[in-house]
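A short worksheet on the structure shown next.
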Amino acid sequence: MHRRRRRLRAAGAVVALAALFAGAFFAVTRWLGGVAATSECIATAAGTSFSLEVDQTGNAALIAAIAHKRGLPARAVTIALATALQESKLRNIAHGDLDSVGLFQQRPSQGWGTEAQILDPVYATNAFFDALVKVKGYETMDIAAAAQRVQRSGFPTAYAKHEGIARVFASALTGETPRGVVCRLGDPSAPSAPTTAAAELTRLSGERGILQDGGLAVSTDSARTAWAVAGWAVGRAELNAVTSVQVGDRVWTRGSDDAATTWASADQPIGATQVRVSFAR
């Protein structure tokens with residue numbers, strides 16, 4: 001009888017311990033799932049929305065900013081994004097088919113540059129655009145056809161499947177669609193360096209800002225350019241520890257809930273061609 005009671009108590013303890021671990025595992029999994037679900041960026045244009053992961057959006061914003069500096073149209077950004085989505089899933093990867101590397105999977109052996117150069121997203125993007133602008137009529141050419149003229153891929157039709165998302169993100173990030181991009185993000189992991197963000201803005205887009213009250217104030221020549229700068233700021237908010245971006249009377253505020261997926265009314269409006277970027281301190 002005593003042995004039976006001990007066995008029952010031992011079995012009960014095992015069941016209780018298993019339940020405890022199962023509950024803890026469920027709680028952690030749910031928490032991790034919630035974190036993953038809240039980290040995303042959403043672009044909307046012409047009533048259509050698409051989402052990308054945060055690192056992908058940071059690269060998309062970089063591509064759009066470089067196109068702005070070069071004076072290229074949104075169409076060029078669409079072609080570049082469709083290409084990078086197909087080639088690398090918009091990630092700067094150090095591997096690929098044969099000797100292909102980087103955002104566009106360019107090959108050193110094909111004259112795109114050294115491996116180190118191609119793994120610099122700024123260099124790789126400029127190299128892509130250098131080739132694209134030599135394609136006569138790319139501005140009106142089919143997206144996949146234009147991409148293929150640059151890449152000369154063994155799968156020339158594969159770029160077409162990314163055209164929808166590329167168009168929407170290009171429209172949002174170039175300012176063609178105001179309030180077109182938002183990101184749902186957790187708290188910054190560390191304070192930012194506004195001077196670094198200001199230098200990046202100029203290096204990528206050619207626009208210049210003034211450091212003011214711990215933030216960055218940018219005056220542009222048009223509302224569209226202001227929204228393009230805002231696209232850069234929101235799209236690279238995770239990299240630069242951005243906490244809010246304001247254009248005119250609208251403001252995006254960083255957060256992990258649904259409030260971060262809208263451009264709310266600003267308490268203190270600024271000019272329609274002005275941008276104010278705030279950073280974590």
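Per-structure values
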{"quantity": "Where Lys136 falls short, out of the listed (1) assigned to a loop (DSSP other than H, G, I, E, B); (2) modelled with pLDDT of 95 or more; (3) in the same structural domain as Ala64 (by TED's automatic domain parsing); (4) touching a strand residue (DSSP E or B) at 6+ places or on another chain (Cβ under 9 Å)", "calculated": "(4)"}
{"quantity": "Failed item in (1) at pLDDT 95 or above; (2) not assigned by TED's automatic domain parsing to the domain that holds Val229, with Leu204 passing the rest", "calculated": "(2)"}
{"quantity": "Criterion: touching a Leu at 6+ places or on another chain (Cβ under 8 Å) and not aliphatic (A, V, I, L, M) - qualifying residue of Gly271, Gly215, Gly209", "calculated": "Gly209"}
{"quantity": "Lone qualifier among Leu85, Leu81, Leu103, Leu119 - being in contact with an Asp or Glu (Cβ under 8 Å, 6 or more places away or on another chain) and either buried (at least 21 other Cβ atoms within 10 Å of the Cβ) or more than 16 Å from Phe155 (Cα to Cα) (or both)", "calculated": "Leu103"}
{"quantity": "Residues of the range 105-127 satisfying the condition of being assigned to a helix (DSSP H, G or I) and among the hydrophobic types (A, V, I, L, M, F, W, C)", "calculated": "Ala116, Ile118, Val122, Ala124, Ala127"}
{"quantity": "Enumerated strands (runs of 3 or more DSSP E) restricted to the range 174-281, each holding at least 3 residues that are among the aliphatic types (A, V, I, L, M) and either farther than 23 Å from Ser51 by Cα or over 18 Å from the mean Cα position of the chain (by Cα) (or both)", "calculated": "215-219"}
{"quantity": "Some residue of the range 50-57 being closer than 23 Å to Ala199 by Cα, surrounded by 23 or more Cβ atoms within 10 Å (Cβ to Cβ), within 14 Å of the chain's Cα centre (by Cα) and not hydrophobic (A, V, I, L, M, F, W, C)", "calculated": "yes"}
{"quantity": "Matching entry among Glu163, Glu238, Glu139, Glu176 (being surrounded by fewer than 22 Cβ atoms within 10 Å (Cβ to Cβ) and touching a Gly at 6+ places or on another chain (Cβ under 7 Å))", "calculated": "Glu238"}
{"quantity": "Count - residues of the range 183-192 that are among the hydrophobic types (A, V, I, L, M, F, W, C) and either buried (at least 24 other Cβ atoms within 10 Å of the Cβ) or free of Cβ contacts under 8 Å to residues at least 60 places away in the same chain (or both)", "calculated": "1"}
{"quantity": "The one condition in (1) at pLDDT below 95; (2) under 21 Å from Phe169 (Cβ atoms) that Arg281 fails to fulfil", "calculated": "(2)"}
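Table: residues versus (1) at negative phi; (2) hydroxyl-bearing (Ser, Thr, Tyr); (3) free of Cβ contacts under 8 Å to residues at least 12 places away in the same chain.
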position	(1), (2), (3)
Tyr138	yes, yes, no
Gln148	yes, no, yes
Ile165	yes, no, no
Leu173	yes, no, no
Arg203	yes, no, no
Thr225	yes, yes, no
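The values are calculated or read from the model by the stated rules, or taken from the named source; none is laboratory data. Keep in mind it's a predicted model, so treat the numbers as computed, not measured. When we count neighbours, we look across all protein chains shown, and the Cβ atoms used for this are built from the backbone with ideal geometry, even at glycine.
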